[in-house]
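Encoded as structure tokens, the structure appears first; notes follow it.
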Amino acid sequence: MFGTSGIRGRVGTEMTAEVALSVGRAVASEGNRTVVVGRDVRQSGRMLVDALTAGLRECGADVLEVGVESTPTVARAVNLLDADAGVVVTASHNPPPDNGIKLWTRSGKAFGPDRRDAIERRLRDGEFDPVAWDELGVRRRCDRTREAHAERIVEAVDIDGRPDVVVDLGNGAGAITPATLADLGCRVRTLNGQQDGAFPGRPSEPTEETLETLAALVERADADLGIAHDGDADRMLAVDETGRFVPKDALLAIFARTVASDGDRIAAPVDTSLAVDDAVSEVGASVTRTRVGDVFVAERATESDVVFGGEPSGAWIWPEETLCPDGPLAAAKLVELVDERGSLSALVEEIDRYPIERTSVSAAEKGAVVDDLRGRVDDRYDDVDTLDGVRVEVEDGWFLIRASGTEPLIRVTAESRTDSGLERVFDEATTLVSETIDRRT
Ligand code: MG
């Protein structure tokens, strides 16, 4: 039931009041005495918060309710309010009919496998510990969490000029971003700022396609950059002053190179571009690769020499600040950089872009094929990483072979610094997959 992003699903079938009630009971029964609860803008959010809160209180936990806030605001509030855990009712960038529940620890990190398993076991066995009538938890409203988060952001950046920024909230919970940028002295225009869980302005996931209006507005208004969040504002992506979408790997490289120095490491998933390695190697740093997903990047970011973690979906982590991907902080950090360096397009220009090729091969037994592949590549190559699928580094670049999470497909990604190199790497990877499939039949 619990994935790395918590529970997510269709409201009324998978994501019900009953599920929320049980999660509340389970979280409190695990000994969390004070729990911060927030939600995104979805219409079903209040109903689910009510059910969750009832479960928490019934099993003795006090509930600190923060209302509609960005996910990083809630995650940071756990520590700030001296609570034991945090819960955000959100389905992130999913479409309006969905909702979900994500659980947070005091360090700003999502619940790891052990704590998730414990909750899941209680849900499965219906094992909850309700308290006596006179020991029920109380429900209190907390209003200062956004202010506290904003204060942290203001302390973390230094903006001298008066950059002109357009912020596309996608009707989500990221209102903290335009307000904080304005406090920092920016000229701010907001797009899709009205909170609306039907997401009428654009789909909630920020992509090059869904940010076309933002791109046009930045160019027309002659702004310095455009910022966009997903529905719960843990993600941040950007467009430059010419209205061009900033490639996600380039954004990762820009943030990474700014914070890293000699000997530091940057955490990024296995499918991250070589351009990031090259950009950070210029400052003497290196990339440590993780499984795909911001939770795995956050986990790696707890290691002492990791100064930044980036998941190219738009999740950026500065472990010194918080282990939760913090979209509003990332927005302020990018504006700071642009203010300091002149233009975002010039920053993007400094990052190389290498040719990448992707394909999918159908395979009914995708898992078994990838397992077979693991054995075969070990004999053939020196530099093999089997953390998530099979990633092989070769002279010309790298390739990654993974089983699709949802379809009977094997996904192949290859990247090289040159076109001719890419052809060789891609051929090598696809041949390896087809040989492995053939040998099984
Ligand atoms: Mg999100």
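Just so it is clear, none of the values below were taken in a lab; they were calculated from the coordinates. Small disclaimer: the values here were computed from a predicted structure and weren't measured. Every residue, glycine among them, receives a Cβ derived from its backbone with ideal geometry; neighbour counts consider all protein chains shown.
Before moving on, here are some points about what is shown:
- Scoring 173-183, 192-202 by mean Cβ neighbours within 10 Å over their residues and listing the highest first yields 173-183, 192-202.
- Relative packing of 117-127, 397-407, which averages over residues the other C-beta atoms within 10 Å, highest first: 397-407, 117-127
- Fully extending the segment from residue 242 to residue 220 would add 7.0 nm, taking 0.36 nm per residue of separation and subtracting the current Cα-Cα distance.
- Least to most buried among 324, 186 (fewest other Cβ within 10 Å first): 186, 324
- Highest-fluctuation residue, 109, 366, 248 considered, GNM on the chain with Cα pairs under 10 Å: 366
- The helix-based estimate of mean residue ellipticity at 222 nm for the chain, built from -39,500 (n - 2.57) per DSSP H run of four or more residues and divided by its residue count, is -11500 deg cm²/dmol to the nearest 500.
- Applying the criteria of a DSSP loop state and at most 10 other Cβ atoms within 10 Å to the GluC sites (Glu not before Pro) of the range 375-429 yields 395.
- A Gaussian network model of the chain, with springs between Cα atoms under 10 Å, assigns the largest mean-square fluctuation among 380, 140, 257 to 380.
- Net length available on complete extension from residue 131 to residue 79 is 16.2 nm, with 0.36 nm assigned per residue and the Cα-Cα distance removed.
- At an R0 of 30 angstrom, the distance between the Cβ atoms of residue 427 and residue 209 translates into a FRET efficiency of 0.50.
- The DSSP beta bridges internal to the range 129-274 are antiparallel in roughly 35% of cases.
- Sorting 329-339, 214-224 by average packing, meaning the other beta carbons within 10 Å per residue, from highest down gives 329-339, 214-224.
- The simple spin-label model puts a point 7 Å past each Cα toward its Cβ; for residue 196 and residue 124 those points are separated by 4.3 nm.
- Taking the centroid of alpha carbons for each part, the range 102-159 and the range 225-303 are 27 Å apart.
- Difference of contour (0.36 nm per residue) and Cα-Cα distance, residue 262 to residue 281: 6.0 nm
- Placing dummy labels 7 Å off each Cα toward the beta-carbon, the span from residue 386 to residue 368 is 1.7 nm.
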